[in-house]
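Novice: Mind having a look at this structure? Questions to follow.
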Amino acid sequence: MKKFCKWIFASFSLLFLLTLSACQKSSKSLDTYDKIKASQTITWGVKADTRLFGIMNIKTSQLEGFEIDLAKDLSKKMLGKNVKVNLVQTTAKTKIPLLRNGSVDALLSTMTITEERKKIVDFSTPYFNAGQAILVPNNSKIKNVYDLNKSGITVLAVKGTTAVANIKKFAPKANVSEYDDYGQAFSALKAGQGQALTTDNGILAGIADENPGFKIVGGTFTSEPYGIAVRKGDTQLRNKIDQALEELKADGTYQKLLKKWFSGIPGFSIKEASR
């Protein structure tokens, strides 16, 4: 009897372990895109503080911008018109942790594709060709980054950004003055404490859009394309995003979004951004 009971116990234990293993395999096989498709809901991590790309409209309490519209249109292409789109606000510090812990399905948040980031996330094909540029007053004689390569010229930049190293490389004779944020750096430019402000062209486009006395000149002098980030190994979702992006470009929707948000900004090239 004892032997029989032991046999029964061992059999049930084995059956439990096999069932648990099967459940775990089933759970793993249901990847992010399968879950999105089953629920007809997709959650994007987006910016809420970057003019033209993703910003909170205080009057409507709604997020708006190029990336917000793009997220909605990509969702419809992938899952149909009835898809539910959730938008979660992210910052530079929180976006990758939110993606990796499953709080968001994908990041559409001015994220530059870099080799370092490729080690922890997978990227879509580029959707915006960003690059470093310079912003100057409308009456400035500066036409491009090389005009800054003179003694007596001060270029304004933000601490801890790649813009500082890049401008020192392209204009080694210029003095570089660093600030804590773009608000401080732009205030210094308005006060005449420097001849140009340098950073990503998309950020400068937002500043120029709000301040018509300033313009972007000379185009971009570095290439820093933005990509949509998904969790490492989420190949099906990444492929679906790539396919949807290609379809939006083919039917003209992508170009319409670029024109909607970036037309009429002095010195900003839509053609360059969409390369």
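Novice: How many of the residues in the range 168-201 are in a loop (DSSP other than H, G, I, E, B) and without any contact (Cβ under 8 Å) to a residue 24 or more places away in the chain?
Specialist: Within the range 168-201, residues that are in a loop (DSSP other than H, G, I, E, B) and without any contact (Cβ under 8 Å) to a residue 24 or more places away in the chain number 5.
To keep it simple, each residue is scored yes or no on (1) crowded, with 16+ Cβ neighbours inside 10 Å; (2) in the same structural domain as Gly54 (by TED's automatic domain parsing); (3) within 11 Å of Leu135 (Cα to Cα); (4) not aliphatic (A, V, I, L, M).
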{"residue": "Gly160", "(1), (2), (3), (4)": "no, no, no, yes"}
{"residue": "Gly192", "(1), (2), (3), (4)": "no, no, no, yes"}
{"residue": "Ala205", "(1), (2), (3), (4)": "yes, no, yes, no"}
{"residue": "Asp209", "(1), (2), (3), (4)": "yes, no, no, yes"}
{"residue": "Pro212", "(1), (2), (3), (4)": "no, no, no, yes"}
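Novice: Which members of the range 126-143 meet the condition of being surrounded by 15 or more Cβ atoms within 10 Å (Cβ to Cβ) and among the polar types (S, T, N, Q)?
Specialist: If the condition is that a residue be surrounded by 15 or more Cβ atoms within 10 Å (Cβ to Cβ) and among the polar types (S, T, N, Q), then Asn129, Gln132, Ser140 are the ones that fit.
Novice: Let me ask something else. Quick one: how many residues across the range 228-242 are of a type outside the set (Ser, Thr, Tyr), surrounded by fewer than 18 Cβ atoms within 10 Å (Cβ to Cβ) and either in contact with a Pro (Cβ under 8 Å, 6 or more places away or on another chain) or touching a residue at least 40 places away in the same chain (Cβ under 8 Å) (or both)?
Specialist: Final tally of qualifying residues: 4.
Novice: Starting from residues that are outside any loop (DSSP other than H, G, I, E, B) and among the basic types (Lys, Arg), keep the ones in the range 64-110 and report whichever is nearest to Gly45 (Cα to Cα).
Specialist: Within the range 64-110, the match that is nearest to Gly45 (Cα to Cα) is Lys95.
Novice: Sort out which residues of the range 111-148 are part of a loop (DSSP other than H, G, I, E, B) and among the β-branched types (Val, Ile, Thr), and write them in order of number.
Specialist: The answer is Ile113, Thr114, Ile120, Thr125, Ile142.
Novice: When you check Lys47 against the structure, is it farther than 21 Å from Gly233 by Cβ, in contact with a strand residue (DSSP E or B) (Cβ under 6 Å, 6 or more places away or on another chain) and either at pLDDT below 95 or among the β-branched types (Val, Ile, Thr) (or both), yes or no?
Specialist: It is true that Lys47 is farther than 21 Å from Gly233 by Cβ, in contact with a strand residue (DSSP E or B) (Cβ under 6 Å, 6 or more places away or on another chain) and either at pLDDT below 95 or among the β-branched types (Val, Ile, Thr) (or both).
The values are calculated or read from the model by the stated rules, or taken from the named source; none is laboratory data. All values reported here derive from a predicted model rather than from experimental measurement. Heads up, the Cβs are rebuilt from the backbone with ideal geometry, glycines too, and the neighbour counts pull from every protein chain shown.
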